[in-house]
Amino acid sequence: MILRIILLLAIAIVAVVTNLCTGDVSIAPSTAFNAVFAPDKIPADQAFQLEIIQQIRLPRALIAMVVGTALSVAGYLLQSLSRNHLADPYLTGVSSGAGVVVAVAVANSVSFEWVPLLAFLGGLLASVIVGGLARTSRGFSVTRLLLAGVGLSTICGGIITLVVTLGGDPVRSQGIFFWLAGGISGRTWGELIPAAIYTLIGLVATFVLSKQIRMLSVGTEQARGLGVNVDLVQWALLFVAVLLSGAAVSVSGIVGFVGLVAPHIARNLFGRDERAQIFASALIGMVLVLFSDLLARTLVEGQELPLSTLLSLVGGPFFLFLVSRQKSESV
């Protein structure tokens, strides 16, 4: 188990270094290291490389790590809540609920420091609606959860289209459209910090709830027999998942399937060790977003592809694969 964690950490470090060094201007790993940890050692003739690292690539890489962590752990929580591996923030409508509130806020020039909180509130409202529609006398119905999520996402997509179409400022409307398409281009330190704080809070809360997650995994009735307040724990898991989803949406727009793929791989690697699964989900999510963002800005010369497009090309087939393996509905 320790070797697998070390391997994941090594892959994550390679992903970060590759992102810092690769782009229109290639930068040596030693220069990138000094730019991050010892900027005084950078010679004057490499000042432009220092600027590229500190002002563009480093905040972008850190935001990719935050987004990957937030979405993957949110997906892990939603899958634990529904006891089904098909749930994730994108498919359950949480990301769309957060996205529509953020779109309205940006269209009305709301200060960015309020965006993560607004994204959380939008995701919370969406999750309450979807969760209410999905609950049955036996727990959460996965079929109803996914159908409600798809339906709500469609409604949110229509609202976002209206916001973009009817917006008085065409430049801002176009910015909203490209931002919600998914991507972290142009993000700055000021946008990183609030999202990172929300993600850290959500990550700590997830580790605190890991014991309850383990108890819920055996079934709601069995968990009640062990003394677990099932309703309270389920709402706590939903609350934390929404907090994490809101943090990600606030800086990356609507990015799908990270929360589907990463937890599934983590569970296969670490069996029934919930804390190891949470940590591994975060690392795998980081790697997925880091490498996807790298491809998004380097795959086509002179053009940046939407991050969500590349992740959908991976996550879509993976989702269909999981659907094909579903033999019965879990509730």
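Coordinate-derived values only; no laboratory data. For clarity, every value in this text was computed on a predicted model and none was experimentally measured. For neighbour counting, all protein chains shown are included, and Cβ atoms are generated from backbone atoms with ideal geometry for every residue, glycine included.
Observations on the model:
- Förster radius 30 Å - calculated FRET efficiency between L295 and W235 (Cβ-Cβ, nearest 0.05): 0.20
- Summarising the overall dimensions of the chain from its C-alpha atoms, the Rg and Dmax are 19.9, 69 angstrom.
- Relative contact order (%) - criterion: Cα under 8 Å, at least six apart; region: region 1-111: 14
- Entry note, region 59-324: relative contact order of 35 percent, from Cα contacts under 8 Å with a spacing of 6+ residues.
- Relative contact order of region 136-283, pairs being alpha-carbon contacts under 8 Å that are 6 or more residues apart, as %: 26
- Cα-based shape type of region 1-129, given that a ≥ b ≥ c are square roots of the gyration tensor eigenvalues and the cut on a/c is 1.5: oblate
- Model label points for A47 and L320, set 7 angstrom from Cα along the Cα-to-Cβ axis, are 5.4 nm apart.
- Ranked by the mean number of other Cβ atoms within 10 Å per residue, highest first, peptides 74-82, 224-232, 268-276 order as 74-82, 268-276, 224-232.
- Where a label projected 7 Å from the Cα of E304 along Cα→Cβ would reach, residues of region 53-71 with amide N under 19 Å: 53-69
- In order along region 213-224, the phi-based Karplus estimate (6.51 cos²θ - 1.76 cosθ + 1.60, θ = phi - 60°) of 3J(HN,Hα) comes to 4, 4, 5, 5, 5, 8, x, 5, 5, 5, 5, 4 Hz; Gly and Pro are listed as x.
- FRET E, pair T161, E221, Förster distance 41 Å, beta-carbon r, rounded to 0.05: 0.40
- A straight chain from T143 to F178 at 0.36 nm per residue would run longer than the Cα-Cα distance by 9.5 nm.
- For the chain, hydrophobic long helices are taken as DSSP H runs at least 24 Å long by C-alpha position along their axis with mean Kyte-Doolittle hydropathy of 0.5 or more; these are 2-21, 58-82, 115-134, 142-166, 189-208, 230-252, 274-298, 307-325.
- Inter-part distance, region 57-131 to region 213-244, computed on C-alpha centroids, equals 20 Å.
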